[in-house]
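Since the structure comes first, as structure tokens, the remarks are kept for the end.
Derivation of every value follows stated rules applied to the coordinates shown; laboratory data play no part. Predicted model, so just to flag it, every value in this text is computed and none were measured. Methodologically, a virtual Cβ is constructed for each residue, glycine included, from the backbone with ideal geometry; neighbour enumeration extends over all protein chains shown.
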Amino acid sequence: MKARFNGKCVECGEEIKTGKEIVKNSKEKWVHKACSDVEEKLP
Ligand SMILES: [Zn+2]
């Protein structure tokens, strides 16, 4: 999903800006889509 507020990525430590694509990692923390350690499920 797209970030609706500014935050911080726990994986890379960089800012998550509003509008960026973000996902929850295995620890239920919001991270950049590229930083996630959860594999996307393919259809
Ligand atoms: Zn990140």
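Below are the figures for this structure:
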| read-out | value |
| --- | --- |
| Lys29, Lys17 arranged by Cβ crowding within 10 Å, fewest neighbours leading | Lys17, Lys29 |
| Projected-area average for the chain over all orientations - Cα convex hull basis, square nanometres | 2.9 nm² |
| Net charge, Glu21 excluded, C-beta distance under 9 Å - Lys, Arg +1, Asp, Glu -1 | +3 |
| Charge context of Cys9, other residues only, Cβ under 11 angstrom, K/R +1, D/E -1 | +2 |
